[in-house]
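Peer 1: Handing you this structure, nothing more for now.
The values are calculated or read from the model by the stated rules, or taken from the named source; none is laboratory data. Keep in mind that this is a model prediction, so the values were computed, not measured. Here Cβ is always computed from backbone atoms with ideal geometry, including for glycine, and neighbour counts include all displayed protein chains.
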Amino acid sequence: MKKIEFFKYHGTGNDFIMIDNRVQKIVIDSHEWVAGLCHRRFGIGADGLILIEESGLYDFRMKYFNADGREGSMCGNGGRCAVAFTSFLGIISESATFEAIDGIHEATILNKSGNECLVALKMNDVNQFEIDGTDFILNTGSPHFVRFMEDIQSLNVVEEGRKIRYSEPFAKDGINVNFISCNNGVFNLRTYERGVEDETWSCGTGSVAAAITLALANKVGDRGQVSLNTPGGPLRVSFHRRNDSFKEIILTGAAIQVFKGLTDRI
């Protein structure tokens, strides 16, 4: 039976199984296999699986699968963990340009200490959004719904998030649901993620969506430098806004290697 080497990483509590697929050449032909690896009772346990693969033009290619076993859209925290992992593997040193499902991303490792890297990841520009009453809908590499609330600490995020995620018009493709509170300039964020179908301890693309929403709601300036508190720790998002276009979007936070191991491919 084939043994597969994996590493476990997390970015502010959003955790991933990382596999160097340049040599192992794993072919994902079963949603159930990925879902089994990500299962927190019967597998390794993670919010998703990331394969690092060869790229013809760039440092590497990141292929991301949700915990349900299906290939996902862009994952911001996963991208930061991929940069930390490829630095550990010696593929990159302090900077990277890599392919993801939503296009090309650049990243810089700002600091490295032991198993922890502080990674700044450039996200794609955001030029479109919808406003539905006091709710916001936008795509930051993954689709997001953002709702402001006074108190999110006592909120049942799974119950409320699931209602929105499975409501029309989102039920077919799903949407990530973010709840944000603003108290005395402190921004707290909690996220229900499609594909995981649960609350995650943080969400990178969700943090970007929340920061942009704060700008649209005139709660931060057009040259935003937004600090967000998630259950898994702090994330920082910076951007330049010109009218309704957001550019130079940078997601910054820690990416930490937790452990490595071997698993059977079954």
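Peer 1: Starting from residues that are assigned to a loop (DSSP other than H, G, I, E, B) and in contact (Cβ under 8 Å) with a residue 40 or more places away in the chain, keep the ones in region 58-79 and report whichever is farthest from Glu197 (Cα to Cα). Even if it seems obvious, please write down each step before you answer.
Peer 2: Going residue by residue through region 58-79, those that are assigned to a loop (DSSP other than H, G, I, E, B) are 58-59, 67-70, 72-75.
Narrowing further to those that are in contact (Cβ under 8 Å) with a residue 40 or more places away in the chain: 58, 67-68, 70, 72-75.
Numbers: Tyr58: 32, Ala67: 9, Asp68: 8, Arg70: 12, Gly72: 13, Ser73: 15, Met74: 16, Cys75: 15 Å.
Among those that are assigned to a loop (DSSP other than H, G, I, E, B) and in contact (Cβ under 8 Å) with a residue 40 or more places away in the chain, it is Tyr58.
Peer 1: Which of the residues that make up region 223-264 are among the charged types (D, E, K, R) and either outside any strand (DSSP E or B) or surrounded by 15 or more Cβ atoms within 10 Å (Cβ to Cβ) (or both)?
Peer 2: Residues of region 223-264 that are among the charged types (D, E, K, R), as a first pass: 223, 236, 241-242, 244, 247-248, 260, 264.
Within region 223-264, Arg223, Arg236, Arg241, Asp244 meet the criteria.
Okay, residues lined up against (1) in contact with a Gly (Cβ under 7 Å, 6 or more places away or on another chain); (2) farther than 21 Å from Cys81 by Cβ; (3) assigned by TED's automatic domain parsing to the domain that holds Tyr64:
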position: Glu168; (1), (2), (3): no, yes, no
position: Ala171; (1), (2), (3): no, yes, no
position: Val177; (1), (2), (3): yes, yes, no
position: Glu193; (1), (2), (3): no, no, no
position: Asp198; (1), (2), (3): no, no, no
position: Ala217; (1), (2), (3): no, yes, no
position: Leu228; (1), (2), (3): no, no, no
position: Arg242; (1), (2), (3): no, yes, no
position: Lys260; (1), (2), (3): no, no, yes
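Peer 1: Can we say Asn188 is without any contact (Cβ under 8 Å) to a residue 12 or more places away in the chain and of a type outside the set (A, V, I, L, M, F, W, C)?
Peer 2: no
Peer 1: Any idea which of (1) over 23 Å from Asn111 (Cβ atoms); (2) acidic (Asp, Glu); (3) touching a strand residue (DSSP E or B) at 6+ places or on another chain (Cβ under 6 Å); (4) surrounded by fewer than 18 Cβ atoms within 10 Å (Cβ to Cβ) is the one Glu199 doesn't satisfy?
Peer 2: (4)
Peer 1: Of Gly174, Gly195, Gly185, Gly204, which residue is at positive phi and under 13 Å from the mean Cα position of the chain (by Cα)?
Peer 2: The conditions single out Gly195.
Peer 1: Looking at (1) within 19 Å of the chain's Cα centre (by Cα); (2) in the same structural domain as Lys8 (by TED's automatic domain parsing), which is the only condition Leu89 fails?
Peer 2: Among (1) within 19 Å of the chain's Cα centre (by Cα); (2) in the same structural domain as Lys8 (by TED's automatic domain parsing), the lone unmet condition for Leu89 is (1).
Peer 1: Search region 206-225 for residues that are within 21 Å of Asn77 (Cβ to Cβ) and pair each with any residue that is aromatic (Phe, Trp, Tyr) and at pLDDT below 95 when their beta-carbon atoms are under 7 Å apart and the residues are at least 6 apart or on different chains.
Peer 2: Matching pairs, first to second residue: none at all.
Peer 1: Now for a separate question. Based on this model, can you work out whether Ile52 counts as among the aliphatic types (A, V, I, L, M) and farther than 30 Å from Ser181 by Cα?
Peer 2: So Ile52 passes the test.
Peer 1: Taking region 1-51 as the region of interest, how many residues are aliphatic (A, V, I, L, M), under 17 Å from the mean Cα position of the chain (by Cα) and not in a strand (DSSP E or B)?
Peer 2: 1
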